[in-house]
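Could you have a look at this structure, given as structure tokens, before my questions?
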Amino acid sequence: MNDPLTQLQDIHLPQTISWWPLSPALWGLLVVTLVMLAALLWWAFVSYRRNRYRRLTRKSIAHHFSDYQQHNNQQQLCRQLFSTLRRCLLTSANIELAAAASYSLSNLLTVADQPGKTLFSRELIALVEQQLYAPKPQPLSDEQLQQLRQNALQWVKQVNTAKLTPEVPSHG
């Protein structure tokens, strides 16, 4: 019996295509991917360095409030807090905002306000000004201190993105 199927030889498959060397299109894709990754890393590094002053300001605010819990001196807390906020504004490299806010405490606190949304209420600003300038200020409540802390931290987030809103007094 001559079975024709037994006379068939096995099929030999060709060798698999090697991934190396890469085709020019893959080289181009690799170069574009590496350039984009390098640009992303550079942008992240620059952004991290650019926001260093914000991180330091937040740490300073936390430090001031921990000092307050130990010493219970509200005048010292307000002085340190607003000195830190003023330093943050000067470091933010927004010269117009820094110049406008240097005239008064209320300008400093409202410089990061967004249209229709104020961070510090007029009452809180008045109480803080009293803490800073009055010989015997009225003490702030714990709720007001907590609001002051939250508003200060939010102020730090918004300060460099703010538009010039405060009124600059004329020297004339």
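The values are calculated or read from the model by the stated rules, or taken from the named source; none is laboratory data. Being a predicted model, the structure only gives us computed values, none of them experimental. Glycine also receives a Cβ, built like all others from the backbone with ideal geometry; neighbour counts cover every protein chain displayed.
So is S83 part of a helix (DSSP H, G or I), under 30 Å from L124 (Cα atoms), out of contact with any Leu (no Cβ under 7 Å at 6 or more places or on another chain) and of a type in the set (G, A, S) or not?
It is true that S83 is part of a helix (DSSP H, G or I), under 30 Å from L124 (Cα atoms), out of contact with any Leu (no Cβ under 7 Å at 6 or more places or on another chain) and of a type in the set (G, A, S).
Of the residues L85, L81, which single one is in contact (Cβ under 8 Å) with a residue 60 or more places away in the chain, touching a Phe, Trp or Tyr at 6+ places or on another chain (Cβ under 7 Å) and of a type in the set (A, V, I, L, M)?
L85
Something else about it: Quick one: which residue in W20, W42, W27 is modelled with pLDDT under 90 and over 30 Å from F120 (Cα atoms)?
Numbers: W42 fails: modelled with pLDDT under 90; W27 fails: modelled with pLDDT under 90.
Answer to the check: W20.
Between a residue in the range 91-104 that is over 20 Å from R52 (Cβ atoms) and any residue that is at pLDDT 70 or above and outside any helix (DSSP H, G or I), which pairs come within a Cβ distance under 6 Å, given they are 6 or more apart or on different chains?
Matching pairs, first to second residue: A101/V111.
Next up: If only one of Q131, Q146 is loosely packed, with under 15 Cβ neighbours inside 10 Å and part of a helix (DSSP H, G or I), which one is it?
Working: Q131 fails: loosely packed, with under 15 Cβ neighbours inside 10 Å.
From the options Q131, Q146, the qualifying one is Q146.
Something else about it: Select from the range 105-156 the residues that are touching a Pro at 6+ places or on another chain (Cβ under 7 Å) and not hydroxyl-bearing (S, T, Y) and list them in ascending order. Explain how you work it out, then say what you get.
Residues of the range 105-156 that are touching a Pro at 6+ places or on another chain (Cβ under 7 Å), as a first pass: 107, 110-111, 130-131.
N107, V111, Q130, Q131 - these are the residues of the range 105-156 that are touching a Pro at 6+ places or on another chain (Cβ under 7 Å) and not hydroxyl-bearing (S, T, Y).
Of the residues A112, A99, A62, only one is surrounded by 12 or more Cβ atoms within 10 Å (Cβ to Cβ) and either in a loop (DSSP other than H, G, I, E, B) or at positive phi (or both); which? Before you say what the answer is, go through the steps one by one.
Details: A99 fails: either in a loop (DSSP other than H, G, I, E, B) or at positive phi (or both); A62 fails: either in a loop (DSSP other than H, G, I, E, B) or at positive phi (or both).
Testing whether each residue is surrounded by 12 or more Cβ atoms within 10 Å (Cβ to Cβ) and either in a loop (DSSP other than H, G, I, E, B) or at positive phi (or both) leaves just A112.
Just one of Q75, Q70 is part of a helix (DSSP H, G or I), loosely packed, with under 10 Cβ neighbours inside 10 Å and not acidic (D, E); which is it?
Just a single option satisfies the conditions, and that option is Q70.
What's the total number of residues in the range 1-55 that are among the hydrophobic types (A, V, I, L, M, F, W, C) and closer than 25 Å to T91 by Cβ?
6
A further question follows. Out of L97, L77, L56, I need the residue that is modelled with pLDDT under 90 and under 30 Å from L140 (Cβ atoms). Which one? Give the steps one after another, and end with the answer.
Numbers: L77 fails: modelled with pLDDT under 90; L56 fails: modelled with pLDDT under 90.
Unique residue meeting the criteria: L97.
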